[in-house]
1. Quick one: count up the residues across the stretch 68-86 that are of a type in the set (A, V, I, L, M, F, W, C) and over 11 Å from the mean Cα position of the chain (by Cα).
2. Give the residues of the stretch 28-54 that are outside any helix (DSSP H, G or I), of a type in the set (D, E) and over 17 Å from the mean Cα position of the chain (by Cα), sorted by residue number.
3. Go through the residues of the stretch 5-27 one by one and say whether even a single one is more than 26 Å from A104 (Cβ to Cβ), outside any strand (DSSP E or B), modelled with pLDDT of 90 or more and not acidic (D, E).
4. State which residue pairs qualify: first residue polar (S, T, N, Q) and inside the stretch 79-92, second residue in a strand (DSSP E or B) in any location, beta carbons under 8 Å apart, and separation of 6 or more residues or different chains.
5. Give all pairs with beta carbons closer than 6 Å in which a residue from the stretch 2-24 that is under 16 Å from S77 (Cβ atoms) and of a type in the set (K, R) meets a residue that is modelled with pLDDT of 95 or more and surrounded by 17 or more Cβ atoms within 10 Å (Cβ to Cβ); count only pairs at least 6 apart in sequence or on separate chains.
6. Take the residues in the stretch 80-102 that are out of contact with any Gly (no Cβ under 9 Å at 6 or more places or on another chain) and outside any strand (DSSP E or B); name whichever of them is surrounded by the fewest Cβ atoms within 10 Å (Cβ to Cβ).
7. Considering only residues that are modelled with pLDDT of 85 or more, β-branched (V, I, T) and in contact with a strand residue (DSSP E or B) (Cβ under 9 Å, 6 or more places away or on another chain), which ones fall in the stretch 34-78?
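The values are calculated or read from the model by the stated rules, or taken from the named source; none is laboratory data. Since the structure is predicted, the reported quantities are computational estimates derived from the model, not experimental observations. Neighbour counts are summed over all protein chains in view; Cβ atoms, including those assigned to glycine, are modelled from backbone coordinates with ideal geometry.
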Amino acid sequence: MRRDHFTLTVDEAGEVAPPALVLTYEGPAESLTDRLTEEDGLLEDELVDASFRMKSDDPEGGDEDVGESGTGRGVFSLTHRLTGEYILEAGADAADVHSLVDAARAEGGTYRIRIERPDEEAVVFVTEALLVYDVDGNLRRKDSLIPSGVEL
């Protein structure tokens, strides 16, 4: 399963709040399904962590204003909270991630991650956290969604 198997879009004003980050998958169905399931079924919302990291080959990758200006590209990833294993990665525009963060803040800090799979029902995770990192791996708190009460 590769990054180019995914297309990432943002639905800020969906018919149902909260906003959604939509990942359309076009690769081998069984490899994604394997990563989204455990012995007892699909992963639960609380077992999924989302993050976005700017890519170092972006001309503005190290610029302090990347998150605010919404320029550049990076990698969106989902990981298993308990094991740290990558579930998936997808290329993303910083502008899309920034618009999702803004829309989620306007809706109380919650957003959906919708994974559309070929020939299977979409998987939806509802979460409040999205950690945004610069090219050096430093957390950009002002550009991230960090639920209240969570200390990093």
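1. Residues flagged as of a type in the set (A, V, I, L, M, F, W, C) and over 11 Å from the mean Cα position of the chain (by Cα) within the stretch 68-86 amount to 1.
2. Passing the criteria: E38, E39, D40.
3. Scanning the stretch 5-27, I find at least one residue that is more than 26 Å from A104 (Cβ to Cβ), outside any strand (DSSP E or B), modelled with pLDDT of 90 or more and not acidic (D, E), so the answer is yes.
4. Going by the 8 Å Cβ cut-off, the qualifying pairs are T79/V48; T79/D49; T79/S51; T79/Y86; T79/I87.
5. R3/E89; R3/A90
6. The residue in question is G84.
7. V48, V75
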